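Everything below concerns the one structure shown next.
The values are calculated or read from the model by the stated rules, or taken from the named source; none is laboratory data. Here the structure is a predicted model, which means the values were calculated and not measured. Here the Cβ is made from the backbone with ideal geometry for all residues, glycine too, and neighbour counts use every protein chain on show. What goes into the accessible areas is simple: the full protein's heavy atoms, side chains included, and nothing from ligands, DNA or RNA. Shrake-Rupley method; radii C 1.70, N 1.55, O 1.52, S 1.80 Å.
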Amino acid sequence: MGRSEELFTRAVQHIPGGVNSPVRAFAAVGSTPRFIRKADKQFIWDVEGNRYIDYIGSWGPMILGHNFPAIREAVISAAGSGLSFGAATEKEVEMAELICELVPSIEMVRMVNSGTA
């Protein structure tokens, strides 16, 4: 049994279907999901050490690839102020203003999560 199979066996004990998104469920496929260990640029590696080209792109388009240095540093810097607040922040106002400035047809934006369960 490989490491992904071991992790999946553990996961189904505490996570419905063994995954945290119905989109990643493998019951209909008749296999076990690959458990990812790391990502860099266009590649992801599973816990067995296999390297794959990431055609999925995480939760949306990773235009610059995984772990892009400038983005990684910006995330590390932002995390120094806290990870999640559940309240309004200055950064979200700045981001909404930038989106409306860059795309003139957008008058207002609302930023929410994807809604997947």
At 1.4 Å probe size, with the rest of the protein present, what percent of the exposed accessible area of the chain is carbon and sulfur atoms? 60
Please list the non-local residues whose amide H lies under 5 Å from the amide H of Gly57, H modeled 1.01 Å from N, same-chain partners needing a gap of 5 or more. none
Simple spin-label estimate for Leu98/Asn50, 7 Å along Cα→Cβ, in nm, reads 3.7
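Scan region 1-55 for GluC sites (Glu not before Pro) in coil per DSSP, keeping those whose Cβ has at most 12 other Cβ atoms within 10 Å, and list them by number.
Working: sites: Glu5, Glu6, Glu48; in loops: Glu48.
Passing both the DSSP loop test and the Cβ count: Glu48.
How much area per residue is accessible in the chain when the probe is 1.4 Å and only protein heavy atoms are counted (Å²)?
Working: 9560 Å² over 117 residues.
Counting only protein heavy atoms, the per-residue value for the chain is 82 Å².
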Would you give the gap between the C-alpha center of region 27-79 and the C-alpha center of region 80-108, rounded to a whole Å? 25
Along each of the three principal axes of the Cα atoms of the chain, give the extent in whole Å, ordering the values from largest to smallest. 52, 30, 29
Using the Karplus curve 6.51 cos²θ - 1.76 cosθ + 1.60 with θ = phi - 60°, work out ³J(HN,Hα) for each residue of region 79-89 in order, rounded to whole Hz, and write x for Gly and Pro. 5, x, 9, x, 9, 7, 10, x, 8, 5, 9
Name the residues whose placed amide hydrogens come within less than 5 Å of the amide hydrogen of Phe43, ignoring near sequence neighbours (fewer than 5 apart) on the same chain. Asp54, His66
